[in-house]
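The values are calculated or read from the model by the stated rules, or taken from the named source; none is laboratory data. Just so you know, these numbers come straight off a predicted model, no measurement behind them. Please note: Cβ atoms are built from the backbone with ideal geometry, for glycine as well, and neighbour counts cover all protein chains shown.
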Amino acid sequence: MGAGIIILVCLCVLGAIAVGLALYVLSVYNKLKSQEVLVDEAWSGIDVQLKKRFDLIPNLVETVKGYASQEKEIFEKVAALRSGMMNNSADPEELGKMEGELRSTLKTLFAVAENYPELKSNQNFMALQTSLQQIEDELESARRYYNGAVRDLNRMIVVFPNSFIAGIFGIKSRKFFEITNAEERENVKVSF
């Protein structure tokens, strides 16, 4: 009878350890998945702001185009970048490169606008400038939120035993949304 009790106690202890381990793995898994949801939500915030900007850019280009029709190259480049970014919104690294190029091109567009005093005083153009500045500010906030969520997820994944659990369930670190060219990191200047 004594050996049976010892075996039963050992089985209960092993069962309790197994249940405790399963609960721990489940807890880590849920935290990692919750953080992934935050990263996805943050990325959608960037998408929303980019969409607002994409919707605003054609109006801005058309307004400037009416005054500076000889600047055809800039208009075509803005349109091409806008289209490329709209079709490639899944990869933060590639989108970051295109984002920097678009920001640089918008700076050139505003520099062209400075050569046309009647354009600078146009109410529609001024309203578009204000809208673009607001969108740029919101986009900057969305980038910061996304990168913070990615940082938190990546930090959770690299710590053992979380890294082991993440590997089992295929949870991978994410890329930060970064602009690669230092000059392109600056906000688009929209004031004249």
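Within the stretch 156-176, being out of contact with any Ser or Thr (no Cβ under 9 Å at 6 or more places or on another chain), surrounded by fewer than 16 Cβ atoms within 10 Å (Cβ to Cβ) and not hydroxyl-bearing (Ser, Thr, Tyr) holds for 159, 160, 161, 164, 167, 168, 169, 170, 172, 175, 176. Of all the residues in the stretch 152-165, those that are closer than 15 Å to residue 26 by Cα and under 22 Å from the mean Cα position of the chain (by Cα) number 2. Residues in the stretch 24-52 that are within 17 Å of the chain's Cα centre (by Cα) and without any contact (Cβ under 8 Å) to a residue 60 or more places away in the chain were compared, and the one that is farthest from residue 174 (Cα to Cα) is 51. Residues in the stretch 146-192 that are modelled with pLDDT under 85 and in a helix (DSSP H, G or I): 182, 183, 184, 185.
Would you check if residue 149 is within 12 Å of the chain's Cα centre (by Cα), surrounded by 19 or more Cβ atoms within 10 Å (Cβ to Cβ), more than 20 Å from residue 33 (Cβ to Cβ) and not hydroxyl-bearing (Ser, Thr, Tyr)? Criteria not met by residue 149.
Residue 102 satisfies every condition listed in (1) within 20 Å of the chain's Cα centre (by Cα); (2) surrounded by fewer than 20 Cβ atoms within 10 Å (Cβ to Cβ); (3) closer than 14 Å to residue 75 by Cβ except (2). When we screen 94, 118 for residues that are assigned to a helix (DSSP H, G or I), out of contact with any Cys (no Cβ under 7 Å at 6 or more places or on another chain) and surrounded by 12 or more Cβ atoms within 10 Å (Cβ to Cβ), the only hit is 94. The set of residues in the stretch 15-66 being closer than 22 Å to residue 153 by Cβ and of a type in the set (Val, Ile, Thr) consists of 25, 28, 37, 39, 46, 48.
Name the residues in the stretch 46-74 that are in a helix (DSSP H, G or I) and either at pLDDT 90 or above or of a type in the set (A, V, I, L, M) (or both), would you? Correct list: 46, 48, 50, 56, 57, 60, 61, 64, 74. May I ask you to verify whether residue 136 is acidic (Asp, Glu), part of a helix (DSSP H, G or I), within 19 Å of residue 57 (Cα to Cα) and out of contact with any Lys or Arg (no Cβ under 8 Å at 6 or more places or on another chain)? Criteria not met by residue 136.
If you go through the stretch 27-49 and keep only what is over 16 Å from residue 148 (Cα atoms) and touching a Leu at 6+ places or on another chain (Cβ under 7 Å), you end up with just 49.
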